[in-house]
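What follows is a set of notes on a single structure, which appears directly below.
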Amino acid sequence: MTGETETVRLTAWVHGSVQGVGFRWWTRSRALELGLTGRATNLPDGRVEVVAEGPRAACEQLLRALRSGETPGRVEHVAELWSAARGGLTGFVER
């Protein structure tokens with residue numbers, strides 16, 4: 001499988017005022033709507049790390065949502081890394 005149906009892993013680091021504002025919960029809701037597995041984790045430096053696996057098109061939709069300006073808090077920048085899916089993720093959890 002290639003293209004939009006290819007299963008991939010998106011790792012995104014979200015910079016801004018994104019902790020303590022419901023950002024991880026919001027991200028989890030969007031990811032579950034898109035059928036993705038993964039996690040949203042607060043990092044010690046104030047960023048949120050989002051790891052999502054699923055069809056590339058769904059991961060791209062999640063990335064667009066993270067950058068949409070419609071998130072809780074204030075997103076200043078989203079860095080992304082695309083890689084092959086590794087599996088081992090169940091559901092979508094907040095950490």
Condition set in contact (Cβ under 8 Å) with a residue 12 or more places away in the chain and out of contact with any Phe, Trp or Tyr (no Cβ under 8 Å at 6 or more places or on another chain), scope the stretch 28-40, selection surrounded by the most Cβ atoms within 10 Å (Cβ to Cβ): answer is R30
Residues of the stretch 60-95 being surrounded by 13 or more Cβ atoms within 10 Å (Cβ to Cβ), charged (D, E, K, R) and assigned to a loop (DSSP other than H, G, I, E, B), in sequence order, are R67
Of the residues in the stretch 31-64 that are more than 9 Å from the chain's Cα centre (by Cα) and small (G, A, S), the one that is farthest from T5 (Cα to Cα) is G46
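Here, each number is a calculation from the coordinates, and none is a lab measurement. A quick note: this is a predicted structure, and the numbers were derived from the prediction, not measured. Please note: Cβ atoms are built from the backbone with ideal geometry, for glycine as well, and neighbour counts cover all protein chains shown.
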